[in-house]
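Every read-out reported here was derived from the displayed coordinates using simple, explicitly stated rules and does not represent laboratory data. Here the structure is a predicted model, which means the values were calculated and not measured. Don't worry about glycine lacking a Cβ; one is built from the backbone with ideal geometry, like all the others, and counts go over all protein chains shown.
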Amino acid sequence: IYNDDDDTDESRMAQVEECRAARLRAALAVEQAGAEQTGKQNRTTTYDHCLMRVCTMTPKKLATRIRVIERAAGRHCLIKMAIFKSCLQDEGMWDLAEQAREALERLKTLQPAPDE
């Protein structure tokens, strides 16, 4: 008997690993650019800040947050959305994480990568 749940779990774990790798790349870029300076410029690009939002907001508010980050399309939007998506995945909010992933892909077409 074929079990779709196993494939879904494997796919989700692959997404989590992909996000962790992206988070590590972003953290390295921040460190190289000067973490203190980046933190002063935008305090909402940290994993802890995003995790606090994910843990304290309702799913409806989280969906709104995804749209707000995407609409703002600011300087740090790619990093914010990637971290936000990662937090949602880490907390098992897969439907919202998928919305964030789709928004991140749309943002990538509008913004250069942060290291460019």
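Considering the dipole of segment 52-116 built from charges on the beta carbon (Lys and Arg +1, Asp and Glu -1) around the Cα centre, which of 54, 107, 68 is farthest to its positive end?
68
Highest mean first, what order results for 58-68, 85-95, 100-110 on Cβ atoms within 10 Å? Show your work: numbers first, answer last.
Values: 58-68: 13.6, 85-95: 19.1, 100-110: 15.5.
Final packing ranking: 85-95, 100-110, 58-68.
Could you please report the charge total around residue 95, scoring K, R as +1 and D, E as -1 over all other residues with beta-carbon less than 15 angstrom from its beta-carbon? Could the numbers behind the result be given before it?
Numbers: positive: 12, 60, 61, 65, 67, 85, 101; negative: 90, 91, 98, 102.
My count for the surroundings of residue 95 gives +3.
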